1. What number does segment 63-153 give for Rg over Rh if you use C-alpha atoms and the Kirkwood radius?
2. Determine how large the accessible area of His203 is when every protein chain is in place; take a 1.4 Å probe and give Å² rounded to the nearest 10.
3. For a quick check of understanding: with a 1.4 angstrom probe and all protein chains in place, what accessible area in square angstrom does Tyr12 have, to the nearest ten?
4. Any chance you could run the full-extension gain for Lys114 through Asp47? It's 0.36 nm times the residue separation minus the Cα-Cα distance, nm to one decimal.
5. Ignoring any ligand, DNA or RNA, what whole percent of the accessible area of the chain comes from carbon and sulfur when the probe is 1.4 angstrom?
6. Where the convex hull is taken over the Cα atoms of segment 97-205, what is its projected area averaged over directions, in nm²?
7. Among DSSP bridges having both ends in segment 83-220, what percentage is antiparallel? Round to the nearest 5.
8. For the chain, count all C-alpha to C-alpha pairs, find those more than 30 Å apart, and express that count as a whole percent of the total.
Amino acid sequence: GVERPCGMRVLYICPSSLIKNVIGEFRKWAPHRSVVPIGNMPESMRDFAFDTAQGQDEFVMLLNYEAWRFKKDTLISKLVQLNFDSIIIDEAHSIKDTRTTAYAGIEELTKRSKIEFILPMTGTPILNKPADLYPLLQLIMPDRFYSKKRFLEEFCEQDYASGRWVFKPGGEKRLRNQLGKKYLRRTTSDAGIELPEQTVQVHSLKVDLEAYPAQASARR
């Protein structure tokens, strides 16, 4: 069971392009929360943000995926010290490959910290193949999903014509049953969203043959 209040110290990870939008959403829906962005800032300002958060009981720290590329070990050490109870991974398909620096950083952070709640969020948990889902399963259920090879053998089979891994008959249903309530899916109809019909707009562009010979050649 969880022995301390959760949702007090939250690490929110998302792409750089979403930082401003996430801040705006918190101001709209949770204006009482202190939001501390540490992505895309000089190291001195980041250290100041860490020190500021350390003295607070309740805060949300925003971090972009790209930040893991620089001084990853130092960043992880500072994040561990903040003793997060929850981590939200927005656009979680960004770490569908366990070989990426971002995934390695998040995995190490969750192993070194006692983070009770790990919440990956994405509208496309599987982009191209079932294995895209594996990194997220490993983060939330490391004792159950500890081997990608085992995951593929248990739930998937290889199409010998294309070489691609696909769900074997019954594999998707068996995986869904094992995940239980750990996987929550909401459709647009569940959320009461009605999308307007798409409007197709056709633009005719002229390509200057002399100024852009390569583009003109490709168009031909």
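1. Expressed as Rg/Rh, it is 0.95.
2. Approximately 130 Å² of His203 is accessible to the 1.4 Å probe.
3. Only protein atoms counted, so the area is about 20 Å².
4. 21.9 nm
5. 51
6. Mean projected area of the Cα convex hull: 11.7 nm².
7. The antiparallel proportion sits near 40 percent.
8. 40
The values are calculated or read from the model by the stated rules, or taken from the named source; none is laboratory data. Not measured: the values here are computed from a predicted model. When we count neighbours, we look across all protein chains shown, and the Cβ atoms used for this are built from the backbone with ideal geometry, even at glycine. Just so you know, the surface numbers come from the protein's heavy atoms only, side chains and all, with ligands and any DNA or RNA stripped out. Shrake-Rupley method; radii C 1.70, N 1.55, O 1.52, S 1.80 Å.
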